[in-house]
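Structure first, commentary second.
We did not get these values from a lab; they are worked out from the coordinates using the rules stated. As the structure is a computational prediction, the values presented were derived from the model and not from experiment. Methodologically, a virtual Cβ is constructed for each residue, glycine included, from the backbone with ideal geometry; neighbour enumeration extends over all protein chains shown.
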Amino acid sequence: MASLSRLSRTVCLSLKPLLILFLLVFLLTLVSQARHLHDPKLTTTKAFTGTHAFIPPTSSDSRSPCPALNTLANHGYLPHDGKNITPSQLVHALKSAYGATTPLAWVLTYGGYFLLRNPPPTSLTLAPSSVSHFAHIANSLPTLPQLLAPLDLADLALHNHIEHDASLAHSNAAPHSLYAPTSTNHTLLEQLFAFATLNDAFTLSSIARARVLREYQTNNSIDAFHAEIARGEVALVLGIFGSALTDVGNLDEGIDMHLFRAWFGENRLPERWTPKHAQTLRGTVKISKAIRALMEKIGKDGVNEAPVSQALQMHTLQRERPPPIIASPLENVSASSNRSAYDGALLFPSVKEMEMDVSGLFSLVKETEMDVGGSGWLDLSEE
Ligand code: HEM
C-alpha cells in the first residue's frame, strides 16, 4: 500500500512540470487570442489584395442563401468553389474576415453544422410531448463524423433547418420543396435597401422594420425558432458592420449603405473595409434582443394593426407634401431620437421607391396579403 502511494506521488511529481507547461501554453494561447482581437491586422486592407481579392462565383461554384458565407467564399476566406468546407475552415474564416471572437465563431459554426444535420424540433411533425417525438430526436441525432463532415454552401439552403421563410432578400422555399433558392430576389433586395435612413445608413430601426414587414408579407409563416435565427442573422450584420465601440455599440448610427449594398447585393466587401472591433457572442445576443423588442413595438403599434391604410396614408402624404413635413404615425417606434419623421414612412419602402398610384397600391398590398409566394406585387417565386 505504502509503495503504491509512493508510486503515485512519484508519478504526480514527474507530471507536475508537464502540467505547468500545459497550463502555460494554454494561458499564452488565451493571451495571444485576446491580443489578436486588437491586432492591427484587423484594420488593414488585407481583404482586397492577393488571396482575398473579390472574385465573383462561376456557375459551377456552390453558394448559399447566406450573404456572409458567400462573401467569405468570394473573397477566398473559404474555398472559392464553396465546396467541402470543414468546421475549422469556417471558424477561422469568421474570425479573420469578420472579427468574430472564438466563442461566437464556434457557436455559429458548430451550431450551423448541427442544425444542418439535425432539424430543429419545430420542423418535426410529431407532438413535442409524445415519446415518439423524443425517440425520433434520439434516432435522428447525427454521429460525430456525420456532424462534422464538410459541407457545400448550397447544402445550407435545406429548408427549415437553418434556412427559413420570411428572409429579407430571398424567396421562400417553394411548397414541398426540400431546398430554398440560394439566389437573391432583387425585388426583395430593393425593398430591404429602401429601409435606409435619409442619411444613408441602415440602423437598428431599419432592420427591425424590414423584419416586421417580411414576417407580415409571408403571413407569419416563420416559426418562433427560425424567427430567432432570423433576428440573430441581422444582429450579426449590425454588430459586425456597425460602428460599435462596445458590445452593443452605437446602434443608431447604423451601417453605411455603400457597404450594406455591396455586401448584401453582391456578396462583396467594399474596398478598405475591415472589422473595426471584435464581435462577441454576448454582444450579438444583446443586439438580437434589441431588435426583438423593437419589432414587438412596431408590430403592436403599426404594421399588424393597419398596414394597408397606413401605407396608403403615407403614400398620399408623401405625394402631397415635401418629405420633411410628413408626420409619420410610426415616429414613436423610432430608435433614434434625432431621426426625421419622414424616416418612419419607410416602413413600406415600396411606397417610397416604386411611386405607384394609390388604387394600384391598394390591390398590390392586398395581393401580398393573400399570396406572397405567388404572382402578386412581390413575386417571390421570381428570381
Ligand atoms: C458572421 C456571420 C454571419 C452573418 C453576418 C450572417 C448573416 C446572414 C444574414 C443577414 C442572412 C439573411 C439573408 C436573408 O434574409 O435574405 C443569413 C442567412 C443565412 N445564414 Fe448566415 N450569417 C453568418 C453566419 C452563418 C453561418 C456560420 C451559417 C451556417 C453555418 C449561416 C447560415 C445561413 C443560412 C442557411 C441562411 C439562410 C436563412 C434564410 O432562409 O434567410 N450563416 N445570414
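What do you get for trypsin sites (Lys or Arg not before Pro) in the range 179-280 restricted to DSSP loop and a cutoff of at most 11 other Cβ within 10 Å of the site's Cβ? Answer by residue number: Arg272. Close amide H contacts of Ile85 (hydrogens built in the peptide plane, cut-off under 5 Å, sequence separation of 5 or more or a different chain): Leu151, Asp152. Close amide H contacts of His159 (hydrogens built in the peptide plane, cut-off under 5 Å, sequence separation of 5 or more or a different chain): Tyr179, Ala180. The length gained on full extension between Glu190 and Asp223, counted as 0.36 nm times the residue separation minus their Cα-Cα distance, comes to 9.4 nm. With no solvent and one point per C-alpha, what does the Debye sum give as log10 I(q)/I(0) for the range 56-113 at q = 0.29 Å⁻¹? These q points yield log10 I(q)/I(0) values of -1.28. Extension gain, Val131-Asp200: 0.36 nm per intervening residue step, less the Cα-Cα distance, totals 19.5 nm. Remark: Ser60, Ser177, Ser96 ranked as Ser60, Ser177, Ser96, counting other beta-carbon atoms within 10 Å and listing the fewest first. Phi angles across the range 93-108 convert, under the Karplus curve 6.51 cos²θ - 1.76 cosθ + 1.60 with θ = phi - 60°, into 3J(HN,Hα) values of 5, 4, 6, 7, 8, 10, x, 5, 6, 4, x, 5, 4, 5, 4, 4 Hz, Gly and Pro given as x. Database remark: amide H of Ala100 closer than 5 angstrom to the amide H of Lys95, Gln279 (H placed geometrically; neighbours at sequence offset of 5 or more, or on other chains; Pro and chain starts carry no H).
Panel order for Lys297, Lys289, Lys95, by other beta carbons found within 10 Å of each beta carbon, from fewest to most: Lys289, Lys297, Lys95.
The stretch between Thr274 and Ala149, if pulled fully straight at 0.36 nm per residue, gains 42.0 nm over its current Cα-Cα span. Going from the fewest other Cβ atoms within 10 Å to the most, the residues Met257, Met295 appear in the order Met257, Met295.
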